[in-house]
Every structure is written in C-alpha cells, then in structure tokens.
1. Give the Debye-formula value of log10 I(q)/I(0) at each listed q (0.08, 0.11, 0.19 Å⁻¹), with one equal scatterer per alpha carbon of the chain, two decimals each.
2. At I8 and F26, where each label point lies 7 Å from the Cα along Cα→Cβ, what is the point-to-point distance in nanometres?
3. Give me the angle, in degrees from 0 to 90, between the Cα long axis of helix 123-135 and the longest principal axis of the Cα atoms of the chain, rounded to the nearest 10.
4. Ranked from highest to lowest mean number of other Cβ atoms within 10 Å per residue, what is the order of the peptides 122-128, 3-9?
5. Using just the alpha carbons, could you tell me how many Å³ per residue the convex hull of the range 75-169 encloses?
6. At 222 nm, what helix-only mean residue ellipticity would the chain give, in deg cm²/dmol to the nearest 500, using -39500 (n - 2.57) for each DSSP H run of four or more?
7. Rounded to the nearest 10 degrees, what's the angle between the helix 77-91 long axis and the longest principal axis of the chain, both from Cα atoms, 0 to 90?
8. Would you mind checking the radius of gyration and Dmax of the range 3-68 based on alpha-carbon positions, in Å?
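We did not get these values from a lab; they are worked out from the coordinates using the rules stated. Computed from a prediction, not measured in an experiment: that's the story for all the values here. For neighbour counting, all protein chains shown are included, and Cβ atoms are generated from backbone atoms with ideal geometry for every residue, glycine included.
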Amino acid sequence: MTSKTKNILLLVGFIIAIILCYNLAFSKTFIVKSTYDKLLKEESFYKDAPKTLSVLKQKEHYYDSLLTKYRLNEGSIQNTLLKTINEFAIENNLKVISFLKPHYFTDQDLIIKSYQFILEGDYNSIINFVYQLEQKTKFGEIINVHFDKKKNFRTGRDYLQAQVILKSIG
C-alpha cells in the first residue's frame, strides 16, 4: 500500500469518525442544551410572576382612575357622552337640539363610531364646548363642526346652530 492510499484511507476514516461522533454524541448534546436554555427562560418567567402581577395590578388601578376621570366608567359611551353634553349645555346656556344614534363602520378590522348632534347657542359657548369635549373627556376626536345661522320668523331673532360630528374608535 502506498502512502497516497494510506492518506486517502486516513482522511475517509477521519470523516467517518466525525460523522459517527456527531450522530452519536454531539447532536444529542445540542438538543439537551437547547432544552436547558428553554427551561432557564421559563424559570426566569416564573420567578418574575409575582412582580409582574403587582405591576399589572398597579396598571389596572391607573386605568380605572383614567376611566373615572374621563367619565367612561358608567354604562355605554353613548349614554355617557349624552350625559356630558347635557351637563355642559346646562352650565353654558346651550340647547341640545338633536342627538342621532351612532353610525358604525369598519376600517381594517377597527370599529369606528361617529356620533352626530346639534347644539344651539352663542359661538363662544359652542367653541368652548367642542374644546372641552375633545380635550378633557377623551370620547374621541371632533371631525366636523358645521355652523348655521338661522332665523326664527315668529320672533324675528337670529340664532346659531352647530352640527358636531365626533369620531370614536373601538
């Protein structure tokens, strides 16, 4: 046997030995290592569970306080919105002429509601109401305010009406 043949046999034997070692030992070691890493992650998750629970309880209290602050805790949003509109109207000498039922439509799996109502009163009170409604109560965003100057032919007086459309997501 020549040295060239011996070298080829040695190389083939070495490759076969590497393949056997991988199949019999290394592959099982890699599987055990990945299982060990997964178990370490689960252990850290379970160690942090009480801490996570307390953080979630704090968030729950915070969100409940937000709902109370923005008057979203009682009944449906429509009823709460109507109650808020009526309270502000009484305080600022406005009249609620109409409050239509909400219009629902979906856009990319989101349910969007639009509420339409008509107020009557002076310009500054209506603008103040629109500001308060959008910035202080967080019902949604005002997407349209349309002012109409109308005349009462019985009394001969002019009055201002505002049609407001509020968009709410959810």
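1. The Cα Debye sum returns log10 ratios of -0.52, -0.69, -1.20.
2. Each label point is offset 7 Å from its Cα along the Cβ direction, giving 2.5 nm.
3. 20
4. Numbers: 122-128: 14.3, 3-9: 9.4.
Peptide ranking by packing, descending: 122-128, 3-9.
5. Working: hull volume 9.8 nm³, N = 95.
In the range 75-169, the Cα hull volume divided by residue count equals 103 Å³.
6. Working: 5 runs with 89 residues, N = 170.
One gets -17500 deg cm²/dmol as the mean residue ellipticity at 222 nm.
7. That works out to roughly 40 degrees.
8. 27.2, 90
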